[in-house]
Amino acid sequence: MPKLDFPLRLGTRGSPLALVQANMVASALCAAHGWPSDAVRIVTVKTSGDRIQDRPLAEIGGKALWTKELDRALLDGEIDFSVHSMKDVETIRPETIAIAAMLPRADMRDRLIGADSIGALRRGAVVGTSSPRRAAQLLRLRPDLSITLFRGNVATRLAKLEAGEADATLLAAAGLDRLGQPDIGAAIPLDVMLPAPAQGAVGIETRAANAVMIKILSAISDPDTFDCVMAERALLLALGGGCHSPVAALAQVAGGDIHLRAEILTGDGGDYVGDDVRFPRADAAGHASALGRALLDRASPALRGLFAGRRVE
């Protein structure tokens, strides 16, 4: 293996959660290869998504706002690899960038903060979220609820809730756990609310031409997480949905197979199609794509119109 130029530079967003995840990657890499802790240097990159907090992501460029600055730093050679929450990574990636590894997936569920359950929310309660998926799922279950925009990191959203801007909010259980807040909120069962595709997964990217870095990163990749998340991403690609298009999906290993559940909804939750399929891991992408197409075939014209012909963000 060619000589590595230490310290390796790991690019990340600067949010508290992003930094925790970057340190998780650095620690796992050093442990796997027997390197000292200073073999990886964390490089913080400010993203557009971090700077713009007052508008929905869909209105200002989609998920590329979380990745484009890190992509530029990676392709310009300013960093050697980058870490992302996989649910924030666009489905269509540049050919020059490779998803090289994923850490073992954490809790995939959402947590409700402000009430013990969705059913326990008062009639007409205001729920703060920036996620079209969470909003649609909530409104499908409770059409009486009102949704207000909540953006920002975990601390910002919790502060907004404390200030009375909403009665409740939803956050990813994995993020709360990683921030040392496992007791905040009530976990919503997966059969009540499916998560966003790739929720709970941390991914690492590098330049596609950097075979040495790809091999190094493979040592910390969890095969089950990688296969399941890539199946969920294949489903998204087949749907062709955008940030305005609520999608939920979860793939889990079942014996030697993958069990994939998915649903698509209109923004108000009034129109919904869901299904699940079990398939061999060997052609997971093909089967996941077929499920996406099947969901669209069963969807009403209004629901299908949210997805058909759009690229996933």
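The values are calculated or read from the model by the stated rules, or taken from the named source; none is laboratory data. None of these values were measured; they are calculated from a predicted model. Please note: Cβ atoms are built from the backbone with ideal geometry, for glycine as well, and neighbour counts cover all protein chains shown.
Brief remarks follow.
- Within region 288-300, residues that are among the small types (Gly, Ala, Ser) reach partners that are part of a helix (DSSP H, G or I) and buried (at least 21 other Cβ atoms within 10 Å of the Cβ) with beta carbons closer than 6 Å, at six or more positions or on different chains, in the pairs ALA288/ALA231; ALA288/ALA234; ALA288/LEU235; SER289/ALA234; SER289/ALA238; GLY292/LEU235; GLY292/ALA238; GLY292/LEU239.
- Considering LEU303, LEU250, LEU235, LEU295, the condition of being under 26 Å from THR129 (Cα atoms), under 15 Å from the mean Cα position of the chain (by Cα) and in a helix (DSSP H, G or I) is satisfied by LEU235 alone.
- Any pair with Cβ under 8 angstrom, 6 or more apart, that starts in region 124-149 at a residue that is on the phi > 0 side of the Ramachandran plot and surrounded by fewer than 22 Cβ atoms within 10 Å (Cβ to Cβ) and ends at one that is not β-branched (Val, Ile, Thr) and not in a strand (DSSP E or B): GLY124/ASP144; GLY124/LEU145
- Within region 152-193, tally of residues that are touching a Gly at 6+ places or on another chain (Cβ under 8 Å), part of a loop (DSSP other than H, G, I, E, B) and surrounded by fewer than 21 Cβ atoms within 10 Å (Cβ to Cβ): 2
- Verdict on ALA196 being in contact (Cβ under 8 Å) with a residue 12 or more places away in the chain, assigned to a loop (DSSP other than H, G, I, E, B) and either surrounded by 15 or more Cβ atoms within 10 Å (Cβ to Cβ) or among the aliphatic types (A, V, I, L, M) (or both): yes
- Of all residues in region 14-35, those that are within 20 Å of THR67 (Cβ to Cβ) have Cβ atoms under 7 Å from Cβ atoms of residues that are charged (D, E, K, R), 6 or more apart or on another chain, in GLY14/LYS46; GLY14/ASP50; SER15/ASP50; LEU17/ARG178; VAL20/ARG178; GLN21/ARG178.
- Set THR96, THR67, THR12: member being among the hydroxyl-bearing types (Ser, Thr, Tyr), surrounded by 14 or more Cβ atoms within 10 Å (Cβ to Cβ), at pLDDT 95 or above and touching a strand residue (DSSP E or B) at 6+ places or on another chain (Cβ under 7 Å): THR12
- Residue ID - surrounded by the fewest Cβ atoms within 10 Å (Cβ to Cβ), chosen from residues in region 255-273 that are in contact (Cβ under 8 Å) with a residue 40 or more places away in the chain and touching a strand residue (DSSP E or B) at 6+ places or on another chain (Cβ under 7 Å): TYR272
- Close pairs (6 angstrom Cβ cut-off, 6 or more residues apart or separate chains): closer than 13 Å to ARG13 by Cα and not assigned by TED's automatic domain parsing to the domain that holds VAL89 in region 58-73, buried (at least 17 other Cβ atoms within 10 Å of the Cβ) and modelled with pLDDT under 70 anywhere: none
- The set of residues from region 199-219 being in a loop (DSSP other than H, G, I, E, B), surrounded by fewer than 22 Cβ atoms within 10 Å (Cβ to Cβ) and touching a strand residue (DSSP E or B) at 6+ places or on another chain (Cβ under 6 Å) comprises just one member, ALA208.
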